[in-house]
Every structure is written in structure tokens, then in C-alpha cells.
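The block underneath contains the structure these notes are about, expressed in C-alpha cells.
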Amino acid sequence: MIGQGNGETAAMTLPPRAHGGLDRLAISASTLCLIHCLFLPVLIAFLPSIAAWADLGEGFHIVMLAIAVPLSTIALWRAWRRHGQVGPAIGGVLGLSLLILGVVFEGGAAGTWLTVAGGMVLAVAHVLNLRADRLAALVAL
């Protein structure tokens, strides 16, 4: 039986989903960012009375970027060490780069489009990372 008497640890026999916590957190953060970027401007346009209250300004995007960069970097790097596929890492770098450019061009249409594209690319990179990690764990069985 796997994991009994041959020196394997319990961590080696964890199901694949146990390794994807950071990816799931990053996917959730990307989804929240996407909802913020797509729906807040519409909400503000239709409800001007709450515009001042709901608009968190550039500070919100900087805080989200400060969360996204280390979280995504750690999640993508740790899983890359297990599965060895570079596609998710390339997508992660592209997504984070677009998010950074979105903050640089904040306030204009280009900033919004760059931020939305970056969030979507980053979320896809994390989904691919999670899938590759699960496949690698299954192959290792």
C-alpha cells in the first residue's frame, strides 16, 4: 500500500487539490478584481450619488497589485517546481505586467482595459497552473 512501510510521508500522498490553495486564492482575487473593474464603473454611471463613496481610487489598485504580485509569484513558482510547465508562469508574468501597466495608465480607458486584460490573463494562468499541478500529482501516483 502506498505510504506504508516504504518511508513515504503523508504529504506525498495528499490529493492534488491540497496543493492548489494559493492558486485558488489568486483566482478568487483575480475574479474580485475583474468584478471591480467591470461593474463598478457601470454602477457609478447609473448611481452618481454613491460615486464618491464607492470609488476607492488609485490606492485600491496599488493595494490589489501589492497583493497580486507576491501571491501569484509564490503560487506559480511553487507549482512550477512540482509540474515543470512554463506556460502558467509565462501567463502569470504577462498578466502581472498588464496589471502594472494598468496602474501606470490609471484614470483612462487604456488603464481600465489593461487592468481587465491583466486580471483575466492572470486568472487563466492560475487555472492552467492548478490543472498542471493536479496532472503532475496524478502522474506521480
Looking for whichever is at pLDDT below 75 and either part of a helix (DSSP H, G or I) or within 15 Å of Val124 (Cβ to Cβ) (or both) here; the options are Pro70, Pro41. Which one fits?
Pro41
Condition test on Ala11, is it more than 12 Å from Asn129 (Cβ to Cβ), at pLDDT below 65, of a type in the set (A, V, I, L, M) and out of contact with any Phe, Trp or Tyr (no Cβ under 9 Å at 6 or more places or on another chain)?
yes
If you take the residues of region 100-114 that are more than 20 Å from Ser72 (Cα to Cα) and part of a helix (DSSP H, G or I), which of them is farthest from the chain's Cα centre (by Cα)?
Ala109
Where Asp55 falls short, out of the listed (1) of a type in the set (Asp, Glu); (2) open to solvent by 80 Å² or more (accessible area, probe 1.4 Å); (3) modelled with pLDDT of 70 or more:
(3)
For Ile90, which of the numbered conditions (1) surrounded by fewer than 22 Cβ atoms within 10 Å (Cβ to Cβ); (2) at pLDDT below 90; (3) farther than 21 Å from Gly59 by Cβ fails to hold?
(2)
For Cys33, the lone unmet condition from (1) over 30 Å from Val139 (Cβ atoms); (2) over 14 Å from the mean Cα position of the chain (by Cα); (3) open to solvent by less than 50 Å² (accessible area, probe 1.4 Å); (4) at pLDDT 75 or above is (2)
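Table: residues versus (1) outside any helix (DSSP H, G or I); (2) free of Cβ contacts under 8 Å to residues at least 12 places away in the same chain; (3) in contact with a Phe, Trp or Tyr (Cβ under 6 Å, 6 or more places away or on another chain); (4) closer than 20 Å to His61 by Cα.
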| residue | (1), (2), (3), (4) |
| --- | --- |
| Gln85 | yes, no, no, no |
| Ser97 | no, no, no, yes |
| Val116 | no, no, no, yes |
| Asn129 | no, no, no, no |
| Arg134 | no, no, no, no |
| Val139 | no, yes, no, no |
Flag if Leu122 is of a type outside the set (Gly, Ala, Ser) and either touching a strand residue (DSSP E or B) at 6+ places or on another chain (Cβ under 6 Å) or within 16 Å of Leu32 (Cα to Cα) (or both)
yes
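Could you check how many residues of region 118-127 are in contact (Cβ under 8 Å) with a residue 40 or more places away in the chain and either open to solvent by 80 Å² or more (accessible area, probe 1.4 Å) or more than 19 Å from Thr73 (Cβ to Cβ) (or both)?
Final tally of qualifying residues: 1.
The values are calculated or read from the model by the stated rules, or taken from the named source; none is laboratory data. Just so it is clear, the structure is predicted and the values come from calculations on it, not from any experiment. Cβ coordinates were reconstructed from backbone atoms using ideal geometry, including for glycine residues, and neighbour counts include every protein chain displayed. Ligands, DNA and RNA are stripped out before the accessible areas are found, and what is left, the full protein with its side chains, is counted by its heavy atoms. Shrake-Rupley method; radii C 1.70, N 1.55, O 1.52, S 1.80 Å.
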